[in-house]
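Written below as structure tokens is the structure these notes are about.
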Amino acid sequence: MGIRGVSRSLLCALVLALVPIASHAEHNVDGAAARSLDAQIQALKKEVIDLNKELTLIEEEAMFPEATQVSIFLSMDIGDFFTLESVKLKVDDKLVASHLYTQVESAALVKGAVQRLHIGNYGAGKHELVAVFTGKGPRGADYTRAANYTFQKGKTPAYLDLKVTDVVKKLQPDFKVSQW
Amino acid sequence: MVVVGALAGGASGPQLRRMLCVAVLVLVGSVGQAKDTPPAPSGKVKKDIAYKTMLFDLYTKDYLSALIKFEVAASRDELAMAPRDKDQFRGGLMLSYGIHNDARQLLRPPAGVTTPPAIKNLGWYYTAKTAYRDRDLESAWSAANEVRDGLPADSAAEVSYWKVEYLIAMGRYDEAARQFSKMLKGSDWYAYAMFNLGVAQLRVGQAKEGLANLVAVGRLGVDTSEMLALADKANLTVGYFYLRERKSEPAVDALTRVRLVGPFSNKALLGLGWAHSFERRYAQALVPWTELRQRTSTDVTVQESMLATPFAYAQVAAPAQAVRYYEDALERYIALQTLIENSMEESEKGSFFAPLFEAPPFDDVTLSRRMRELGPESRAALVSELFGNEEFQGLFRAYRDVLRLKSNLDAWVNRIDLLQGRARAEPPAKRDSAAYLAQVRQLREKYNRAVSSRDYLAFAEANELARYERIAGLQHRLESLGGDPSSELFAQRLRVQKGLLQWNLNASFDARARKTGSQLGELLARTPPQTTKNEGVPAQSVAGPLEGDAVERLSVGRGRAQAISDRCGVLLRAYQKLIQEETLAELERKRRLTSAYLAQARYGVAQIYDEANSKLAPKK
């Protein structure tokens, strides 16, 4: 066999050895090591969840007693006329919360999830809430709207809902605050 | 009390009447005020909110937060679920979060006939999946067989697919084929099952059956990207089977059905060239190889074509072109070797994947995108086969999960220090989250300014910016030389280059701005959990410090958090080491391969010169 023939055989052997028949990656990760670490992670995750549960219960009980607790939530209904991008929340003229929304978060709200935007302590009496919503309105135009609400705090926990809804008749979004 | 005092003091009739009126008005006013204060939210409302806030984390795939909220709500009896449903829900969350051992126990259908069939089916479905994940094939197979009718259509098709998979994994190929024949046609699962069965049959020598299945997958009329990729893979597998059998025509037939642009196009182009080459059709072999060799050289098939192309030129008696392509290949192999060696050095130092280790994205979508963004020209492309490996990706995900756990625990330690008044002058948790958010806000403001002024340089890559500055620097120097006519041509070329760069940056401005905007959004979403996402503004202070029981419980909690955080640190180092070892092994494999190619290329050039010299040498 001439040199050309040798070269061709060598090259053929090279390519056929390289490319796996099923086109799967040939590399195998060290399975035993990975599985052992995996078992450790699973145990850790459980411990962390359990610890978080306990600490959250202690913290909320200690930091936000029922007599002064106010929780403010954000929810959306439908969401055809408004894509939420950010919200700023003030209570008694102090900025207490601000959030920029990813697409995934906006979609979660449209699907019916609720976000706790703020939890704080407020004395009994009247308080003023102002929420500013920024996003894209109908036809994708920039849209900023504010909603304000005066709530009365008593001796029991207060739950407030900032709700963005679609008003089909007006083809516009509506921004409401209410108290549960 | 005023009225009582007045009575005791012997107030007169009109005076007393006035006081009574005032007292009544005061009392009525109080009652009115109480009526204005809404009552506490009912249990039903609390349960509804607890569930929906958990859904927020679930839909945003923040399974850790979802599980924590679930357990908190369960402790407070704020879950409107029957105990059995709670277990199922908890099991589903755990499965999503990777705690599959416990998930398997929870999702296993409870014994007894009272469990509704739909719940039982779902339970067996998840049991089968988790058992397979744990490589417990017998359990997976028997769990899958417990699933009865009644699942949603897609889930039912998935169960049928898994049954075929389990049998293939157990080496029971004939049974797998029989199981496959019972699958309903038309679903994506059917196509995947057909492909996997075909590959398995080829491996065990059932060529006729295997090829029939793979050819059928390759000829599916599909239009989704996943199915198109599967069809390409099937055609590629058939093509390479025939290549191994040295049957060129069917190999060409199969490989030409692979799309020119797709994840398998490189391998198809390489195989096509070889198929022609086996029949000595070297001119035809040059067509796919010439196309392939122009692609990114970190891909092993491109490296192969860099050698195959000059080889083909040599066969068609074009030695000058052959030498040129061999020399080009030599240069590229040497550059590749340097890249591999530098990468091995970085991997040994632990800095090869530093960007992914230091700031791992907390969601799968961003992880996949960041891995792809390491790009074809980057060193990470050298280990692209590793990235395609599900187990290797799993190592990164696990690393990310542990880092997240550590962040969570460290944040708790800081928060507890703050709560217990052991904080330093500025509580670190507040500082960290406030500083982080301030940084992101600054970036956001820069972004907004860049977008409103259409500052095309704001979104330029580092190399583009460097080039722009280099050109501007050179222009400035030319100007300072006083417009020498001999430099006019050079100045013109600089203007053209600058203009082209500006044009490109302008043309891609909107796309780059959108991408940066979405990355900013992701940055904000990466705020460490359990710290307020509210710019670090603390709640208004509670009346009084923490007392007795809370202090002690928090101390115990702090100790636990620190201990678990330390264990996380150990695990992180273990993962980094494993990832490093896998990367080094892959790079070493690449280095050996490149050395072999380099040797072949040098040999090829030497051959041609040798033959040319022997023709020129006088005959004795």
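The values are calculated or read from the model by the stated rules, or taken from the named source; none is laboratory data. Worth saying up front: this structure is predicted, and the values here are computed from it rather than measured. Note: ideal-geometry Cβ built from the backbone for every residue, glycine included; neighbour counts use all protein chains shown.
Data overview
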item	result
Matching residues, the range B:212-245, being touching a Phe, Trp or Tyr at 6+ places or on another chain (Cβ under 9 Å), within 12 Å of chain A (Cβ to nearest Cβ) and not hydroxyl-bearing (Ser, Thr, Tyr)	B:Leu214, B:Ala229, B:Leu230, B:Asp232, B:Lys233, B:Ala234, B:Asn235, B:Leu236, B:Leu243
Whichever residue in the range B:584-601 is surrounded by 15 or more Cβ atoms within 10 Å (Cβ to Cβ) and more than 10 Å from chain A (Cβ to nearest Cβ) and, among such residues, is farthest from B:Ala308 (Cα to Cα)	B:Leu584
Near pairs, Cβ below 6 angstrom, 6+ apart or cross-chain, from the range B:589-600 (under 11 Å from B:Val300 (Cβ atoms)) to any residue that is in a helix (DSSP H, G or I) and not acidic (Asp, Glu)	B:Lys590/B:Ile340; B:Lys590/B:Leu382; B:Thr594/B:Tyr333; B:Thr594/B:Leu336; B:Thr594/B:Gln337; B:Tyr597/B:Gln303; B:Tyr597/B:Leu307; B:Tyr597/B:Tyr333
Pair list, Cβ under 9 Å, 6 or more apart: the range B:324-336 residue free of Cβ contacts under 8 Å to residues at least 40 places away in the same chain, other residue among the aromatic types (Phe, Trp, Tyr) and assigned to a helix (DSSP H, G or I)	B:Arg324/B:Tyr313; B:Tyr325/B:Phe311; B:Tyr325/B:Tyr313
Any hit, the range B:198-205, residues being within 14 Å of chain A (Cβ to nearest Cβ), of a type in the set (Lys, Arg) and more than 27 Å from the chain's Cα centre (by Cα)	yes
Complete set of residues in the range B:294-319 that are more than 26 Å from B:Lys590 (Cα to Cα), at the interface with another protein chain (Cβ under 10 Å from one of its Cβ atoms) and of a type in the set (A, V, I, L, M)	B:Ala314
Odd one out for B:Gln540 among (1) in contact with a strand residue (DSSP E or B) (Cβ under 9 Å, 6 or more places away or on another chain); (2) modelled with pLDDT of 90 or more	(2)
Single match in B:Leu64, B:Leu95, B:Leu137 (criterion: surrounded by 21 or more Cβ atoms within 10 Å (Cβ to Cβ) and touching a residue at least 12 places away in the same chain (Cβ under 8 Å))	B:Leu64
Conditions (1) in contact with a Phe, Trp or Tyr (Cβ under 9 Å, 6 or more places away or on another chain); (2) surrounded by fewer than 20 Cβ atoms within 10 Å (Cβ to Cβ); number of the one not met by B:Lys185	(1)
Inter-residue pairs, beta-carbon under 9 Å, first over 14 Å from B:Gly186 (Cα atoms) and in the range B:211-224, second in a loop (DSSP other than H, G, I, E, B) and modelled with pLDDT of 85 or more, 6+ apart	B:Gly218/B:Arg257; B:Gly218/B:Val258
Lone unmet requirement of (1) farther than 17 Å from B:Thr53 by Cα; (2) β-branched (Val, Ile, Thr); (3) facing another protein chain (nearest Cβ under 7 Å) for A:Val104	(1)
Scope the range B:402-414; condition over 12 Å from B:Gln562 (Cα atoms) and surrounded by 23 or more Cβ atoms within 10 Å (Cβ to Cβ); matching residues	B:Val402
Extreme residue, surrounded by the fewest Cβ atoms within 10 Å (Cβ to Cβ), among residues of the range A:164-180 that are within 12 Å of chain B (Cβ to nearest Cβ) and assigned to a strand (DSSP E or B)	A:Ser178
Some residue of the range A:61-76 being surrounded by fewer than 19 Cβ atoms within 10 Å (Cβ to Cβ) and free of Cβ contacts under 8 Å to residues at least 12 places away in the same chain	yes
Test: B:Ser248 is more than 35 Å from the chain's Cα centre (by Cα), free of Cβ contacts under 8 Å to residues at least 40 places away in the same chain and facing chain A (nearest Cβ under 10 Å)	no
